[in-house]
Every structure is written in C-alpha cells, then in structure tokens.
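S.K.: Provided herewith is a single structure, encoded as structure tokens, for subsequent inquiry.
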Amino acid sequence: MWSKNPTDAHRRLLTPIFLTAILAAVVLPMFFDAYRTAYYGTMSFDNYSRYLLWFLGEPGGELPPSPHVYRLGSVIMAAPFYHLPLVLFSGEGISHPLVNTTPEYAKALQAMCAANAVYASLSAVLATLYLTQRRDVPLGWAFSAALVFLMLTRYLGMGSADGIATPLLMITAIAMIERKVALFAIVVILGTVVNEKVALIALLCAGFRALLVPEHRKAHFLMAGFAAIALVAYAVLVLALALPGLENQRDPSTYFSAIASSVRHLANPKGVYQNLWPVMLLLLMWWASLSRDRNPIVYGCDVGVVAALFLFALALDVQYNLGRIMMFVVPLFLLGAIANVSRQRPGVRPPEDEHSAYDRTPSAPPTAPLRYFAGAGMSKQP
C-alpha cells in the first residue's frame, strides 16, 4: 500500500522530476513546430541541412553561402542529432503536396531543429542554475526565467542554427557578470566558430562596461580585448576567403544606403512585429534589470549594447531579420530582469541601502561622468 507520508526520497526527487517533465513538455512541441515549419517550407529560413550533410559526407551535401559557411561550429554541434530516428509527416490536412525530399536531407533537417531545441533547453537550465545557486533567486522565479527564455527563442531561427549558439551566449553573459576572464575568453573564441554574433555581443557588452563602469575596469578591458581579437580574426578570415554571398555586408560604402533602406522595413506592420517589438522588449528587460545591488547583473550602460547592435543590423540591411539579431542579447537582460523582479514586493518599498545577498562587500562609489548611465541604477542622492 502507498504510504500517506512522503519519504525522503520522494521529497528529494519531486522537484527535479516535476521541473524536468515540464521542461520536456515545453521543448518537444517547440522542436516539432520548428521541424514541421522547416519541413514544409512555410517560412523562409537559413537552411544548414545540406551543410550538415556535406560535413558528414552524406549524399546531397553542399557548402552554403557566406556568412553561413563560416559557422562550421553550429554544424559540428548538430552532427550527433543526425543519428536520431527519422520522423516524417503524413501531410494530411494541408492543401499542398508533400515535400519531395530524400531521407538524408530530412534527417539533416530534423537534426538541425533538434539541436536548436536541445541547446536552447540547455541554456534555459543554465539560467535557472545560475539564478538559484549564485543569485539566491527563488526556484519558482528561476524556473520562470527558463520558460520565458524558451518562449523568446521563437524570435530566433530555430530551424536554422540560432538556438545552437544560445548556451555560448548564456555562458558568456554569466562569465562577464562573474568576471571570469579565462572562461569568458575560451567561450567567446570557441563561440565565434559557432556564430560570430557571440563575439560581437561580447565585445559590445564588455566594451561599454570597460569604458563607463569604474568598478572592475581591468577585468572588463581584458574581456573586451579577447572578444575584439576573436572578432578581428573572424573578419580577416571572411575578407581573405571572400566566399560568395551577401557581398554588400563586406563593403562599408554600402552601409549608409543600407540604413536608409532598412528603416523603411520598420514602418509596416511586419516590421513593427519582427523588428521593433523585440527592441522594445529588450529595453523593457534592461529597465527591469536596473537595481542598487553592489554587484549587479546589468548596468545602466548596457543599454548601449542594444543601440549599437540595432545600428549595426540596420547597416547590414538584414530587412526583417533585425529583431531576430537583437534577441541574441536576451540572456544578459533576462537574468538581470528575473533576479531584480523576484525581489520586489507589491506595495513595499525596499530600503535605500538594500543589496543582494550575493555580494556583501562594499565597493567604491561610481566616478563616471554619467553616473546613472554607467552604474547599476539610480543615484541615492536627491
């Protein structure tokens, strides 16, 4: 007979089993949705499937155009998923004929979608562990960060390779927050082979902090230096090989005209949803992240990352992909927003000197000219 009182084993296993089941319940439909969308081609996406076939030496493989060809690390990370059992769709209930494809291509397409879903889930788990273990965030709030992160991946190319880069972005953000320079350097350098936006965002984040945040300036400068080295190495490789594809992005003389062209894609409903709304969401998360903690996750100057990346994406003339590129900054701001919001109590104003339990050591007051912009939050002075 079942005991009325739960055992110690039951208490220990209840939470991890329940949360794992909920995570799986979210991730599996996310995978099938991305796979079904890519399988039937109902939306345009960057297709890395034939690149994966080329890497594995399977029939139908070919090299993609630039810049996808430089993201070999994404294909390497997706390779193990090629050996999953193949899932095919019946096509019943749709008005157009089935896709005429080979089993190898379908397996590669499925592998890319599965890799995106799995690595995005790993990123969500990393966020939960960091918030609970290092920031004293209650488990419920930390798990909500995981769910929110997975929902926001819908703005990424989950049928291409965007989700594969998310663990590297999450680790980079955590390493920067914790000022683990060696870990930051290793992940950024390796991450550049997976997706060059890892190095770009790392450079912007560490660079703004190095310039505008007096505390820990040496660590931020070192991190910005490693990110710059990785990004310069990538740029040299692109210019040296000059593989075909998006040649305009390698020509700075086209940037001003590209910005004018890109602005036109912000004015229609599709542009508002796909390009402007993600930017507004990032600004909201940045604002929600600002706190008076002595060791904050997000500083006021981090909003410069959003502005700089926005201008950079406009110059590349990515049209309706601007919002997708902007969402690569989510890991940093989501960690900060959840950590800060979890400490709020409705109707209760925290004392002026309240700080996170994470860091009790005093630090020198900010000395930057723009104190609010450089610091973690508003000044205590009237």
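The values are calculated or read from the model by the stated rules, or taken from the named source; none is laboratory data. This one's a predicted model, so the numbers in the text were calculated from it and none came from an experiment. Because the Cβ atoms are built from the backbone with ideal geometry, glycine has one as well, and the counts that use them run over all protein chains shown. Ligands, DNA and RNA are excluded from the accessible area calculation, which covers all protein heavy atoms including side chains. Shrake-Rupley method; radii C 1.70, N 1.55, O 1.52, S 1.80 Å.
S.K.: Could you identify the single residue in GLU104, GLU58 that is of a type outside the set (Gly, Ala, Ser), open to solvent by 20 Å² or more (accessible area, probe 1.4 Å) and not in a helix (DSSP H, G or I)? Talk me through it step by step, then tell me what you get.
M.R.: Numbers: GLU104 fails: not in a helix (DSSP H, G or I).
GLU58 is the lone residue from the list that is of a type outside the set (Gly, Ala, Ser), open to solvent by 20 Å² or more (accessible area, probe 1.4 Å) and not in a helix (DSSP H, G or I).
S.K.: A further question follows. Which residues, counting only those in the stretch 261-288, are touching a helix residue (DSSP H, G or I) at 6+ places or on another chain (Cβ under 9 Å), exposed (fewer than 15 other Cβ atoms within 10 Å of the Cβ) and under 19 Å from GLN319 (Cα atoms)?
M.R.: Within the stretch 261-288, SER261, VAL263, ARG264, LYS270, TYR273, TRP277 qualify.
S.K.: Exactly one of these conditions fails for ILE174: (1) open to solvent by 10 Å² or more (accessible area, probe 1.4 Å); (2) closer than 13 Å to SER123 by Cβ; (3) at pLDDT below 95; (4) not charged (D, E, K, R). Give me its number.
M.R.: Tallying (1) open to solvent by 10 Å² or more (accessible area, probe 1.4 Å); (2) closer than 13 Å to SER123 by Cβ; (3) at pLDDT below 95; (4) not charged (D, E, K, R), ILE174 fails exactly one: (3).
S.K.: Got a number for residues in the stretch 289-303 being open to solvent by 10 Å² or more (accessible area, probe 1.4 Å) and in a helix (DSSP H, G or I)?
M.R.: 1
S.K.: Can you find a residue that is touching a Ser or Thr at 6+ places or on another chain (Cβ under 8 Å), within 26 Å of TYR155 (Cα to Cα) and open to solvent by 20 Å² or more (accessible area, probe 1.4 Å) anywhere in the stretch 217-231?
M.R.: Yes, the stretch 217-231 contains a residue that is touching a Ser or Thr at 6+ places or on another chain (Cβ under 8 Å), within 26 Å of TYR155 (Cα to Cα) and open to solvent by 20 Å² or more (accessible area, probe 1.4 Å).
S.K.: State yes or no: is ARG50 among the basic types (Lys, Arg) and under 23 Å from the mean Cα position of the chain (by Cα)? Please lay out each step first, then the result.
M.R.: On the way: among the basic types (Lys, Arg): yes; under 23 Å from the mean Cα position of the chain (by Cα): no.
Answer is no for this residue.
S.K.: Taking LEU168 as the residue in question, decide whether it is in contact (Cβ under 8 Å) with a residue 40 or more places away in the chain, in a helix (DSSP H, G or I) and not acidic (Asp, Glu).
M.R.: Numbers: in contact (Cβ under 8 Å) with a residue 40 or more places away in the chain: no; in a helix (DSSP H, G or I): yes; not acidic (Asp, Glu): yes.
Considered against the rule, which asks whether it is in contact (Cβ under 8 Å) with a residue 40 or more places away in the chain, in a helix (DSSP H, G or I) and not acidic (Asp, Glu), LEU168 comes out as no.
S.K.: Out of the helices (runs of 4 or more DSSP H) lying entirely within the stretch 189-274, which hold 2 or more residues that are modelled with pLDDT of 95 or more and among the hydrophobic types (A, V, I, L, M, F, W, C)?
M.R.: Numbers: elements: 197-212, 217-241, 255-264.
Ranges flagged: 197-212, 217-241.
S.K.: Something else about it: Can you tell me which residue among ARG36, ARG50, ARG134 is under 30 Å from ALA339 (Cα atoms) and of a type in the set (D, E, K, R)? Outline the logic, then answer.
M.R.: Details: ARG36 fails: under 30 Å from ALA339 (Cα atoms); ARG50 fails: under 30 Å from ALA339 (Cα atoms).
Only one candidate qualifies: ARG134.
S.K.: Restricting the search to the stretch 180-211, which residues are without any contact (Cβ under 8 Å) to a residue 12 or more places away in the chain and among the charged types (D, E, K, R)?
M.R.: LYS180
S.K.: Going residue by residue through the stretch 136-150, is there one that turns out to be surrounded by fewer than 23 Cβ atoms within 10 Å (Cβ to Cβ) and not in a helix (DSSP H, G or I)?
M.R.: Checking the stretch 136-150: at least one residue is surrounded by fewer than 23 Cβ atoms within 10 Å (Cβ to Cβ) and not in a helix (DSSP H, G or I).
S.K.: Let me ask another. So which of THR15, THR42 ends up being closer than 30 Å to ASP317 by Cα, surrounded by fewer than 19 Cβ atoms within 10 Å (Cβ to Cβ), in contact with a helix residue (DSSP H, G or I) (Cβ under 9 Å, 6 or more places away or on another chain) and β-branched (Val, Ile, Thr)? Steps first, please.
M.R.: Working: THR15 fails: closer than 30 Å to ASP317 by Cα.
None of the others qualify; the one that does is THR42.
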